[in-house]
1. Out of all the residues in region 34-66, which are within 12 Å of residue 100 (Cβ to Cβ), modelled with pLDDT of 95 or more and either out of contact with any strand residue (DSSP E or B) (no Cβ under 8 Å at 6 or more places or on another chain) or in a helix (DSSP H, G or I) (or both)?
2. Within the group 289, 228, which residue is more than 22 Å from residue 141 (Cβ to Cβ), more than 16 Å from the ligand (Cβ to nearest atom) and either under 22 Å from the mean Cα position of the chain (by Cα) or free of Cβ contacts under 8 Å to residues at least 40 places away in the same chain (or both)?
3. Could you say whether any residue in region 212-220 is under 27 Å from residue 13 (Cβ atoms), within 13 Å of the ligand (Cβ to nearest atom) and surrounded by fewer than 16 Cβ atoms within 10 Å (Cβ to Cβ)?
4. Which of the residues belonging to region 243-261 are part of a strand (DSSP E or B) and surrounded by 16 or more Cβ atoms within 10 Å (Cβ to Cβ)?
5. Tell me the residue from 149, 170, 159 that is within 21 Å of the chain's Cα centre (by Cα), within 16 Å of the ligand (Cβ to nearest atom), modelled with pLDDT of 95 or more and closer than 15 Å to residue 207 by Cα, please.
6. When only residues in region 182-196 that are out of contact with any helix residue (DSSP H, G or I) (no Cβ under 8 Å at 6 or more places or on another chain) and away from the ligand (no atom under 15 Å from the Cβ) count, which is farthest from residue 151 (Cα to Cα)?
7. Of these, 176, 204, which one is near the ligand (Cβ under 9 Å from one of its atoms), crowded, with 17+ Cβ neighbours inside 10 Å, at pLDDT 95 or above and not in a helix (DSSP H, G or I)?
8. Specify the residue that is modelled with the lowest pLDDT; the eligible residues are those in region 95-130 that are in contact with a helix residue (DSSP H, G or I) (Cβ under 8 Å, 6 or more places away or on another chain), in a loop (DSSP other than H, G, I, E, B) and closer than 22 Å to residue 59 by Cβ.
Ligand code: G1P
């Protein structure tokens, strides 16, 4: 049994980097092969024992709510036609109505504001946050790895990886004081620093385990980087009460908020699937040979 029961998924963004598809398909519903991005994040949370799922969406995006609800007609149809594999896939993609909630962020005021919007669903206990854009391909659920470490050391915890100085200004950045195995103890955290001002090259990746006191900090957090209410600032303000840890997870992370990252993630998932990998390898090899011969 995990001590973390609830996960928040902020999915209210407009997905402007993926226009025009995001005119009608929300970014988190874009597929990696045959499952939407959001389902990978939900499965990662479910694999770690999380039981409650809170989606911070926007009122003009009904697709996510529809997706996780049971589709009785489809299930009946598949069941009466003995399509058991398809039926299993459809059932796996549903959440019990008692285990998921959709709340709405009506103004794009930033990630911190999105998490604050979910406060009424968060009891007085630590909770997880997963940003579905950060797809983590791993043998063991990345948030599950963090939950295990968190059970030992507590505090606030963020996933981290070294992205190098050139890329750090696209991320939250940890001011690392000390290391204990995969856990980095941080004395501060700053959102999107310039490469020169960045205290390290340890970037925050979109997985968090947060204490409820971060919600109190969010209530009084003023707009920061980019004029938005930043989750990073509230976590940094909570350091006086809770230690801050970066956790270096095992797995490959893909930035599915960018087209190249999304494409790489699609290929990584395909190469991991027995039904798709041989055809993809053959196709890539054939193209490489054609390229080399030209
Ligand atoms: C958000 C967070 C940032 C974090 C990043 C990870 O930024 O604010 O601290 O490093 O996610 O993907 P965004 O990518 O939404 O600008």
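1. Passing the criteria: 38, 42, 45, 46.
2. After applying the criteria, what remains is 289.
3. Within region 212-220 (the criterion being under 27 Å from residue 13 (Cβ atoms), within 13 Å of the ligand (Cβ to nearest atom) and surrounded by fewer than 16 Cβ atoms within 10 Å (Cβ to Cβ)), the answer is no, since none of the residues qualifies.
4. Those that are part of a strand (DSSP E or B) and surrounded by 16 or more Cβ atoms within 10 Å (Cβ to Cβ): 244, 245, 246, 247, 253, 254, 255.
5. 159
6. Per the criteria, the residue is 196.
7. When all the criteria are applied, what remains is 204.
8. Filtering region 95-130 for residues that are in contact with a helix residue (DSSP H, G or I) (Cβ under 8 Å, 6 or more places away or on another chain), in a loop (DSSP other than H, G, I, E, B) and closer than 22 Å to residue 59 by Cβ, the one modelled with the lowest pLDDT comes out as 107.
The values are calculated or read from the model by the stated rules, or taken from the named source; none is laboratory data. From a predicted model like this one, the values you see are computed outputs, not experimental measurements. A quick note on method: Cβ atoms are made from the backbone with ideal geometry, for glycine too, and the neighbour counts reach across all protein chains shown.
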